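Heads up, the thing below is written out as structure tokens.
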Ligand code: GLU
């Protein structure tokens, strides 16, 4: 066996790739990269009622959008069902598991008795040592593992430390149901073993499963992969993550205008950190990440921090690169459609020219689209309320003056229009802002925008003068 690290991400396709799942995938991916290993993907679609193709597609798309690549084809757990029953039968042959013919009524009775006696419901082992010849005719048995009854099962967890489970609390749980379907507990072990997984990284809601899974590994004589159960993500108020806190699918984060790189950076720091570093490149994260450094305590998800980090990423990103991502994301943004519709070589060039000013004022791509909307607005512009108040009566005369000053500018640029407007303001004994504000309103329909001279330069002479004159007449 080589000592190459193999991690896996194993989502159940019963819903989209939610933010907690994305972080689990990220930790698996980072750890694989950090160790020069490999991350595999397994779709845990054994639950046929709740698994959907749409959810599988959304998970693959979410991972792809984030750039969390996996090696080879995604494995379908459901398709491996024959192998799961083969291993269960092998355990029976080895005397490590047995057929159980208990009826639903008997099992129910066991539960009731346990409840009445204040014990946790456990299977009482009634078929554990019974002779198979006593099997009732025509009844399909389930297969149960012979769990150890004494001592403890120890999980050596990279995050949780050494966790001990008294074996008296583990009953002979089912590994293969009477309908021939494997239980989750069993399928995970067989798959992880067959896929050569060396390191399991998943949410700490699976910690107790780790003990049961260890029982199956031991029964088969297989090596138990190194385990790491990472703390769940909570809301900013410390409560369990709900929709309101951000427990959404990653596609919702794309629609909210977050950059994958910023989201990954933010997620990496939920439960893991490297000193006080907040902004980390992917290469930094890969070289610094280690699973043993993940905290035990629950991490808190804070939208404001994510938004601030996203703004930092946008500002430091190269304009052309940001434009590419922006354009690719437009179909998913609630306010992207008008921009997408108006996109051509000219407007693309305008967007690129306006990008330095636009990205200064935006923390998300939605805000960027909002800021860029003026480029795609049709004349005469519909002014929003604030903007309308800025071109009121007196400013209207200001606009006429500004129009006259600008129409004489030949070599149109931010610098030349600025000097013309400054000269006009001085001449008219107006503060620059008293001219710039109505001008901005007329040009963009808004009270806020990138610098007004940049706006003039990006819109060009003809369009700028036309928009101003629309507000004068
Ligand atoms: N399919 C499980 C889940 O989505 C994960 C199982 C595992 O990682 O072992 O919670």
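What is the list of residues in the range 10-53 whose amide nitrogen lies under 20 Å from a point 7 angstrom out from the Cα of residue 81, following Cα to Cβ? In the range 10-53, the label zone of residue 81 (backbone N under 20 Å from the point 7 Å along Cα→Cβ) covers 11-15, 42-53. Quick one: angle between helix 393-407 and the longest Cα principal axis of the chain, in degrees between 0 and 90, rounded to 10, please. The angle comes out near 80 degrees. Computed extension length for residue 119-residue 154: 10.3 nm, one decimal, from 0.36 nm per residue of separation with the Cα-Cα distance subtracted.
Which order do peptides 440-450, 77-87 fall in by mean Cβ count within 10 Å, highest first? Don't jump to the answer; show the numbers that get you there.
Numbers: 440-450: 21.6, 77-87: 17.3.
Per-residue mean Cβ counts within 10 Å order the peptides as 440-450, 77-87.
Under the classification rounded if a/c is under 1.5, otherwise prolate if a/b is larger than b/c and oblate if not, where does the range 1-98 fall, given a ≥ b ≥ c as square roots of the Cα gyration tensor eigenvalues?
It comes out oblate by the Cα gyration axes.
Taking label positions 7 Å along the Cα-Cβ direction at both residue 466 and residue 240, the computed distance is 5.8 nm, reported to one decimal. Full extension of the chain between residue 388 and residue 105 gives 94.4 nm of extra length, using 0.36 nm per residue less the Cα-Cα distance. The range 43-118 and the range 180-197 have Cα centres separated by 8 Å.
Figure legend: label point modelled 7 angstrom from the Cα of residue 251 along Cα→Cβ; residues of the range 318-334 with amide N under 20 Å from it are 326-334. By the gyration tensor of its Cα atoms, with a ≥ b ≥ c the square roots of the eigenvalues, what is the shape of the range 400-473: rounded for a/c under 1.5, prolate for a/b over b/c, or oblate? Rounded. Given a Förster radius of 51 Å and the C-beta distance between residue 432 and residue 69 as r, what FRET efficiency does 1/(1 + (r/R0)^6) yield to the nearest 0.05? Efficiency for this residue pair is about 0.50. Modelled spin labels at residue 284 and residue 194, positioned 7 Å past Cα toward Cβ, are 4.3 nm from each other.
Using just the helices of the chain, give the 222 nm mean residue ellipticity in deg cm²/dmol: DSSP H runs with n ≥ 4 each add -39,500 (n - 2.57), and the total is spread over all residues, rounded to 500.
Helix contribution divided over all residues of the chain: -15000 deg cm²/dmol.
Helix 345-360 and the long axis of the chain differ in direction by around 80°, with both axes built from C-alpha atoms. Secondary structure note: in the chain, about 50% of the DSSP beta bridges are antiparallel. The angle separating the long axis of helix 184-194 from the principal Cα axis of greatest extent in the chain is about 80 degrees. With 0.36 nm allotted per residue and the present C-alpha distance subtracted, the residue 404-residue 218 stretch has 58.3 nm of extension available. A simple spin-label model places the labels of residue 308 and residue 423 4.5 nm from each other, with each point 7 Å out along Cα-to-Cβ.
Each value in this text was obtained by applying a stated rule to the coordinates, not by laboratory testing. Because the structure is a prediction, the values reported are computed rather than measured. Neighbour counts run over all protein chains shown; Cβ positions are idealised from the backbone, glycine included.
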